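Okay, so here's the structure we're looking at.
The numbers here are math on the coordinates, done by the rules we state, and not lab data. What you see is a predicted model, and the numbers here were worked out from it, not measured in a lab. Neighbour counts run over all protein chains shown; Cβ positions are idealised from the backbone, glycine included.
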Amino acid sequence: MKIGDKVRFLSETGGGRIAGFKGKNIVLVEDEDGFEIPTPINEVVVVETDDYNIAKVHTSAVPDYKKNVRTAPVPDPEPADKEITFKAPVEERKGGDVLTAYLAFVPIDVKSMTSTRFEAYLVNDSNYYMRFTYLLAEGNSWHLHFTDEVEPNTKLFIEEFGHEDLNGMERACVQLLAYKRDKGFIVKPPVDVQFRIDPVKFYKLHTFRENDFFESPALLYNIVENDVPMRPLVIDAQQLKRQMYGDREPARKSQQPRQQDNSFVRRYDDPQSRGKAPLRRQHGDILVIDLHASEVLDTTAGMSSSDILNYQLEVFRRTLDEHKNAKGKKIVFIHGKGEGVLRQAIIQELRYKYKKYTYQDASFQEYGYGATQVIIR
């Protein structure tokens with residue numbers, strides 16, 4: 001059985017000519033449409049062999065000057081030693097022409113969450129190729145951590161990591177560009193999304209759930225779904241304003257002519273001139289501080305969203321410093337649900353500036369869904 005032999009299949013109809021070999025037991029049969037079909041050798045039978053199929057020899061015309069004879073013939077290489085050129089075509093699925101992709105984390109040993117290592121994958125659940133970059137933040141800058149191409153309807157291994165690496169993964173970014181090969185396609189916009197990865201989740205088994213992509217539970221972060229990217233980690237001024245006030249609208253000032261003297265428009269560079277004592281109340285042994293902008297500021301006129309946020313954080317810091325010697329003291333800060341900007345800023349302060357203090361979501365029944373309880377340590 002040689003390249004060029006005409007064969008037919010034993011277990012099904014059809015056949016073709018031998019185009020090559022894959023290993024010792026697989027023959028590549030080229031059908032009349034030009035497709036190469038890998039088939040076990042024992043499943044085909046030769047039906048026609050022509051003279052041109054006989055292995056030819058090549059002679060080297062280097063003369064022997066003593067005897068004036070040619071060197072011995074050199075045979076063709078064995079078919080099994082030839083390079084394999086066959087590659088199965090990419091399979092597309094119905095409904096896969098919309099982009100869906102995930103960043104996935106899979107524990108290697110789900111029975112030992114406190115010590116197991118994890119694997120990271122990029123899951124491509126679409127009919128498009130994806131060229132992607134995986135970035136991690138270090139301070140105020142981003143660093144390229146991994147880049148590659150993932151084929152349609154497959155997943156690609158990125159790396160293995162342990163609990164000791166989680167602190168450097170709190171801010172991640174995935175950028176991807178989608179396309180198809182060898183055929184026309186609808187152009188998709190580039191995707192650029194950022195995540196906040198909570199290290200605490202990697203110690204809890206229930207955060208890893210059954211899924212369609214892995215045999216074991218996995219933690220999936222959505223990058224894009226049905227062509228819609230995950231909401232970027234960017235908050236505009238209007239969203240921030242809504243978060244500051246919660247469900248309450250700021251009181252409308254009566255329309256009066258603005259005076260020109262500096263005593264009427266108090267500047268933010270003198271916070272005490274426009275700030276007021278935050279609303280405090282005792283709930284049993286718990287001190288409750290309302291950080292809504294309308295509660296800590298007389299007016300927000302002339303202040304940007306970042307100015308308001310900075311002042312709310314200043315109230316938060318002053319409160320903690322005031323009670324720093326009250327060990328075991330519980331303080332509930334009401335920040336509102338909104339877009340979560342103030343809450344995220346408070347959590348950052350607690351993680352990096354007040355590391356000894358413990359914190360948790362305050363009682364939903366007592367304070368709703370927009371409050372954080374801090375215990376002084």
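Each principal axis of the Cα atoms in the stretch 289-377 has its own extent, and those three values, largest first, are 39, 28, 21 angstrom. Plainly put, the stretch 168-229 has a radius of gyration that is 1.07 times its Kirkwood radius, both from alpha-carbon atoms, as the Rg/Rh ratio.
Could you calculate the FRET efficiency of His145 with Gln282 from 1/(1 + (r/R0)^6), where r is the beta carbon distance between them and R0 is 41 Å, rounded to 0.05? Provide the component values of the computation, followed by the final result.
Values: r = 48 Å, r/R0 = 1.17.
Efficiency, rounded to the nearest 0.05: 0.30.
Past the 20 angstrom mark, what percentage of all C-alpha to C-alpha distances in the stretch 111-176 do you count? Can you show the working numbers first?
Values: 790 of 2145 pairs.
Percent of Cα pairs beyond 20 Å in the stretch 111-176: 37.
Normalise the Debye intensity by I(0) for the stretch 77-213, one equal point scatterer per Cα, no solvent, then take log10 at q = 0.12, 0.13, 0.18 Å⁻¹ and round to two decimals. Treating every Cα as an identical point scatterer, log10 I(q)/I(0) equals -0.60, -0.68, -1.06.
For the stretch 325-370, the convex hull drawn through the C-alpha positions has a volume of 75 cubic angstrom per residue. In this structure, the residue pairs whose Cα-Cα separation is over 30 Å, taken from Lys24/Lys180; Lys204/Lys330; Lys94/Lys201; Lys204/Lys356, are Lys24/Lys180; Lys94/Lys201.
The distance between label points at Arg93 and Ile375 comes to 4.6 nm (points 7 Å beyond Cα on the Cα→Cβ vector).
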